[in-house]
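J.: Take this structure, written in structure tokens, and hold onto it; I'll ask about it next.
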Amino acid sequence: MGKKKLGVLVSGGGTNLQAIIDGCESGILKDVAEVKVVISNKSDAYALERAKKHNIEPLFIDRKSFADRASFCDKIVEELKKRGIDIICLAGFLLKLEPNLVRAFPKRIINIHPALLPKFGGKGMYGHYVHEAVIKNGEKESGATVHYVDEEYDHGPTIIQQKVPVMKGDTPEMLAKRVLEVEHKIYPEAILKVISSKL
Ligand code: GRF
């Protein structure tokens, strides 16, 4: 069996992308998967630089060049299909996927979210907003969730979820850092699980 081809969609710094790349190069995804393309809706996303450093194709697709989000998503589908991508990993991709994209890759798109879904997910729940809400709500634990993507925000079936404690006196930044460490561990694990389970 050849390596599965991953396409990673990003909007920002890409530390999760880095964890996936490292997993493919020398970790649990070695000989199992490879990142073929990194697609970003932000031309200056540092994640694109990370791709270049690892000789992975970086691809900027400008949302503003398309009349609506559906046409933008059509373009993403076209680019992913052209490269024979098997699994699409959202890693800090901040635009909602339209149904045309979700339906083009059934059970092949996964996302990571920095909380214990179904809690603290949905529209507006990203980045520091998530951790602020967790602390404000007095939660004793938070964590990270990798899940299949469906047509609702942060909604599809969970693949892996891992908890971290919320400590007394935590700031959103402190909690984010603790959660991110877990994200970097479980994202490659979840990809391996998806590949072993059904492709
Ligand atoms: C992560 O916290 C992830 O859970 C969320 O967006 C953030 C991306 O961070 N979906 P990075 O770009 O991978 O560093």
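The values are calculated or read from the model by the stated rules, or taken from the named source; none is laboratory data. The shown structure was predicted, so the numbers you read here are calculated from the model rather than taken from an experiment. Neighbour counts are summed over all protein chains in view; Cβ atoms, including those assigned to glycine, are modelled from backbone coordinates with ideal geometry. Ligands, DNA and RNA are stripped out before the accessible areas are found, and what is left, the full protein with its side chains, is counted by its heavy atoms. Shrake-Rupley method; radii C 1.70, N 1.55, O 1.52, S 1.80 Å.
J.: Structure shown: which of K5/K163; K96/K136; K3/K52; K42/K185; K64/K96 lie over 18 Å apart, alpha-carbon to alpha-carbon?
T.: Among K5/K163; K96/K136; K3/K52; K42/K185; K64/K96, the Cα-Cα distance tops 18 Å for K5/K163; K96/K136; K3/K52; K42/K185.
J.: Another one. Please compute, over every Cα-Cα pair in the range 37-101, the percentage with a separation greater than 15 angstrom.
T.: When all Cα pairs of the range 37-101 are counted, 52 percent exceed 15 Å.
J.: For E79 and T171, compute 0.36 nm times the residue count separating them, minus their Cα-Cα distance, and round to one decimal in nm.
T.: Full-extension gain reported as 29.1 nm.
J.: Which cross-chain or sequence-distant (5 or more) residues have an amide H under 5 Å from the amide H of L90, H modelled 1.01 Å from N in plane?
T.: L9, I110, N111, I112
J.: Continuing with this model, one more query. Under the definition of Cα pairs under 8 Å and six or more residues apart, what whole-number percent is the relative contact order of the range 1-44?
T.: Relative contact order of the range 1-44: 55 percent.
J.: For the chain, what does the helix formula give at 222 nm: sum of -39500 (n - 2.57) over DSSP H segments with n ≥ 4, over the residue count, nearest 500 deg cm²/dmol?
T.: Result for the chain, helices only: -12000 deg cm²/dmol.
J.: When the accessible area of the chain is split by element with a 1.4 Å probe, what percent falls to carbon and sulfur?
T.: 52 percent
J.: How many Å² of accessible area per residue for the range 1-111, probe 1.4 Å?
T.: 46 Å²
J.: Can you give the translational diffusion coefficient of the range 83-199 in µm²/s, computed by Stokes-Einstein from the Kirkwood radius over Cα pairs at 20 °C and 1.002 mPa s? Numbers along the way, then the final one.
T.: Numbers: Rh = 14.6 Å.
Calculated translational D: 147 µm²/s.
J.: Which of the GluC sites (Glu not before Pro) found in the range 8-110 are in a DSSP loop and have at most 16 neighbouring Cβ atoms, other than their own, within 10 Å?
T.: Counting only loop positions with at most 16 other Cβ atoms within 10 Å, none of the GluC sites (Glu not before Pro) in the range 8-110 qualifies.
J.: While we're looking at this one, here's another question. From the C-alpha coordinates alone, can you work out the Kirkwood hydrodynamic radius of the range 1-76, in Å?
T.: 12.9 Å
J.: Follow-up. Which FRET efficiency value, to the nearest 0.05, do you get for K136 and R69 by plugging their Cβ-Cβ distance into 1/(1 + (r/R0)^6) with R0 = 30 Å? Before the final figure, lay out each step's value.
T.: Details: r = 31 Å, r/R0 = 1.02.
So the FRET efficiency works out to roughly 0.45.
J.: Please enumerate, by chain and number, the aspartates and glutamates with C-alpha under 14 Å from the C-alpha of K4, excluding those fewer than 8 residues away in the same chain.
T.: E25, D31, E34, D86
J.: Write down the Kirkwood hydrodynamic radius of the range 95-140, to one decimal in angstroms, obtained as one divided by the mean of 1/r over all alpha carbon pairs.
T.: 12.3 Å
J.: May I ask for the Kirkwood hydrodynamic radius of the chain, worked out over all distinct Cα pairs and given in angstroms to one decimal?
T.: Taking every pair of different Cα atoms in the chain, averaging 1/r and inverting gives 17.0 Å.
J.: How high is the relative contact order of the range 67-138, in percent, counting Cα pairs under 8 Å that sit 6 or more residues apart?
T.: Relative contact order for the range 67-138 comes out at 28 percent.
J.: What percent does the relative contact order of the chain come to when contacts are Cα pairs within less than 8 Å and at least six residues apart?
T.: 20 percent
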